[in-house]
1. Can you sort 114, 154 so the residue with the fewest Cβ neighbours within 10 Å comes first?
2. Between Rg and the Kirkwood Rh of region 129-176, both from Cα atoms, what is the Rg to Rh ratio?
3. Please give the length that would be gained between residue 55 and residue 142 if that part of the chain were fully extended, namely 0.36 nm times their separation in residues minus their C-alpha to C-alpha distance (nm, one decimal).
4. Residue 92 to residue 28: FRET efficiency via 1/(1 + (r/R0)^6), r the Cβ-Cβ distance, R0 25 Å, to the nearest 0.05?
5. At 0.36 nm per residue, and after removing the present C-alpha to C-alpha distance, how many nm does the segment from residue 121 to residue 171 gain when stretched out fully?
6. Taking 0.36 nm per residue of sequence separation and subtracting the Cα-Cα distance, how much length would be gained by fully extending the chain between residue 150 and residue 108, in nm to one decimal?
7. Once the convex hull of the C-alpha atoms of region 42-134 is built, how many Å³ does it hold per residue, rounded to a whole number?
C-alpha cells in the first residue's frame, strides 16, 4: 500500500485511499510529492493504471523498458487521483491537455488547479498549486558529469562565474541553477531549450528576470525554492505563491529502513 511520509521530520502513515490523505491534499498550496517510482508495489501500479485514459495506457505500452512504463503509470495515475480529489471528479474523467511546449494542464477546471511534473533516475516530483502556474524540476546529482559545455552554451557569463567560483561546490551550483532555470521556464509554460539563456538569480527568495526578449515578463513575478533530497537529488519549484516553506512529502511503498525520518533540506 502506498504511504505518504512528511518530509518535515515526522512520518505520517496515510494510505492512498482514505480521508486522512484527503486532508493532506487540502493543505495550503503549493506543495509537492517526491515519488520513488521503483519502490511502488505491483498492486498499487495496477490500481493507478486503472485511473489512466485509453490514450495514456496506449502510450505507457510503447515504452521499451518496464521501469519507464511503470514510472509513467505511477506518475500519471497519481496526477489523476490527486486532481480528481481536489476537483471532486472521478480520476479517469479528468481531461488533461498539453500546450504547444508539452506542458500538461487541466482545461476549464473549476478549482483553478495547476500542476507540473519532473523525472530523474527513479525519482519524480509532482507539484500542485491553486490559482497560479507552477513549474518544477528534479535532477539526480552526478558528481562526474561534465557540465562545462552546457554552461558555456546556455548560461550567461555571470552564471558561469557563479558556478565556477573557486572554493565552491561547482557541481551543486550547476544543478541548483539548472533546476531553477527549468522550473521557472516551465512555470511560464514556454519552451525550455530555446530560452535557457534567460538569466535568473534569486534575490530575497525572488527570481530576478533579466529578459532579453522584452516580452513583458516582469522581475519578481515568480518566487522560487530549491531543495536537496537525501543528498542524491536537487529540485526546484517556481510559483507566484511560494510561501516561506513548501509542504513537501515523500510518497513510496512502506517505510524507509533508516532510523532517521526522510528530510528535504532547503537552500
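What follows is calculated from the coordinates using simple rules that are stated; it is not laboratory data. None of these values were measured; they are calculated from a predicted model. Note: ideal-geometry Cβ built from the backbone for every residue, glycine included; neighbour counts use all protein chains shown.
1. 154, 114
2. Here the Rg-to-Rh quotient is 1.09.
3. Working: separation 87, 0.36 × 87 = 31.32 nm, distance 3.42 nm.
Result for the pair: 27.9 nm of gain on full extension.
4. Efficiency for this residue pair is about 0.35.
5. Gain in length upon complete extension: 16.3 nm.
6. 11.3 nm
7. Once divided by residue count, the hull of region 42-134 is 105 Å³.
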